[in-house]
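S.K.: My questions all concern the structure below.
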Amino acid sequence: FYIMKKESTPTSTEKNKNSENKAKTPFWKKYFLSLLLLLGIIISVVWGVIKENRLTKDHNSKIERLAEDHTKAMDSIVVEKAKMITSTFALAVRSELIDENIDQVNQYCLQMIKNKQISKIMLVDHKNGKVIMSTNRKDESTTFTNDKLLNVDDVSAEIKGSSIITATPVMGLNTQTALLIIESER
């Protein structure tokens, strides 16, 4: 019994050797599993942040493309609507110009200008560009300077800033009598 007891208890020199062995073990070997798990967590967090940034960029670029496509589609719809209004109004103006009833054309223009989207209506002499009649009296007897719209053969539209300028020739019985120009908001 005495011998067994002596064998099981370490001596002070053996204790010193065991503590030296533990002290000599490098830090990374002691905590290898903990360091490996910490490294895995760091890698997964970095990967997640990179993935999120990439997805955010892709999402934002898709939204921008959709917004641009939507704006283009809406602009084309608004331009087509302005062309339809201009061509329809030109038919009403045509019949009154054939009858040389300028006062009635003026009444049509004043009624159309009540529409919140329409800001100006002009009747222009297509030969010299002089404004015959306008809802803005300051424009009368001035010269319309947009050559592209002045020489149109059919309904044409041009976008300038936040407004759309449409022009169509008003035909008489055999010849063009004037040019109708309507400026409306987008």
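S.K.: Could you check Val131 against (1) in a helix (DSSP H, G or I); (2) under 29 Å from Asn174 (Cβ atoms) and say which number it fails?
M.R.: Failed condition: (1).
S.K.: Does Phe89 count as out of contact with any Ser or Thr (no Cβ under 9 Å at 6 or more places or on another chain), surrounded by 11 or more Cβ atoms within 10 Å (Cβ to Cβ) and among the aromatic types (Phe, Trp, Tyr)?
M.R.: Considered against the rule, which asks whether it is out of contact with any Ser or Thr (no Cβ under 9 Å at 6 or more places or on another chain), surrounded by 11 or more Cβ atoms within 10 Å (Cβ to Cβ) and among the aromatic types (Phe, Trp, Tyr), Phe89 comes out as no.
S.K.: Could you list, in sequence order, the residues of region 176-186 that are surrounded by fewer than 22 Cβ atoms within 10 Å (Cβ to Cβ) and closer than 13 Å to Ala92 by Cα?
M.R.: Once the filter is applied, which keeps residues that are surrounded by fewer than 22 Cβ atoms within 10 Å (Cβ to Cβ) and closer than 13 Å to Ala92 by Cα, region 176-186 yields nothing.
S.K.: Do we have any residue at all in region 90-97 that's more than 35 Å from the chain's Cα centre (by Cα), in a loop (DSSP other than H, G, I, E, B) and closer than 25 Å to Ile165 by Cβ?
M.R.: No, there is no match, as no residue in region 90-97 is more than 35 Å from the chain's Cα centre (by Cα), in a loop (DSSP other than H, G, I, E, B) and closer than 25 Å to Ile165 by Cβ.
S.K.: Same structure, new question: Go through region 92-111 and give me each residue that's in contact with a strand residue (DSSP E or B) (Cβ under 6 Å, 6 or more places away or on another chain) and either aliphatic (A, V, I, L, M) or open to solvent by 60 Å² or more (accessible area, probe 1.4 Å) (or both).
M.R.: If the condition is that a residue be in contact with a strand residue (DSSP E or B) (Cβ under 6 Å, 6 or more places away or on another chain) and either aliphatic (A, V, I, L, M) or open to solvent by 60 Å² or more (accessible area, probe 1.4 Å) (or both), then Val93, Arg94, Leu97 are the ones that fit.
S.K.: Do you know which residues across region 113-129 are of a type in the set (Gly, Ala, Ser), modelled with pLDDT of 90 or more and touching a Ser or Thr at 6+ places or on another chain (Cβ under 6 Å)?
M.R.: Within region 113-129, none qualify.
S.K.: Would you mind stating whether Lys148 is more than 14 Å from Ala90 (Cα to Cα) and out of contact with any Asp or Glu (no Cβ under 8 Å at 6 or more places or on another chain)?
M.R.: no
S.K.: How about region 147-175: which of its residues are open to solvent by 30 Å² or more (accessible area, probe 1.4 Å), free of Cβ contacts under 8 Å to residues at least 40 places away in the same chain and in a loop (DSSP other than H, G, I, E, B)?
M.R.: Hits for region 147-175 are Asn151, Asp153, Asp154, Gly161, Ser162, Asn174, Thr175.
S.K.: Working carefully through the options Glu52, Glu140, find the one that is acidic (Asp, Glu), at pLDDT 90 or above and surrounded by 10 or more Cβ atoms within 10 Å (Cβ to Cβ).
M.R.: None of the others qualify; the one that does is Glu52.
The values are calculated or read from the model by the stated rules, or taken from the named source; none is laboratory data. It should be emphasised that the depicted structure is a prediction, and the values quoted were computed from it without experimental measurement. With ideal geometry, Cβ positions are generated from the backbone for all residues, glycine too; neighbour counts draw on all protein chains shown. Surface areas here come from the heavy atoms of the whole protein model, side chains and all, with no ligands, DNA or RNA. Shrake-Rupley method; radii C 1.70, N 1.55, O 1.52, S 1.80 Å.
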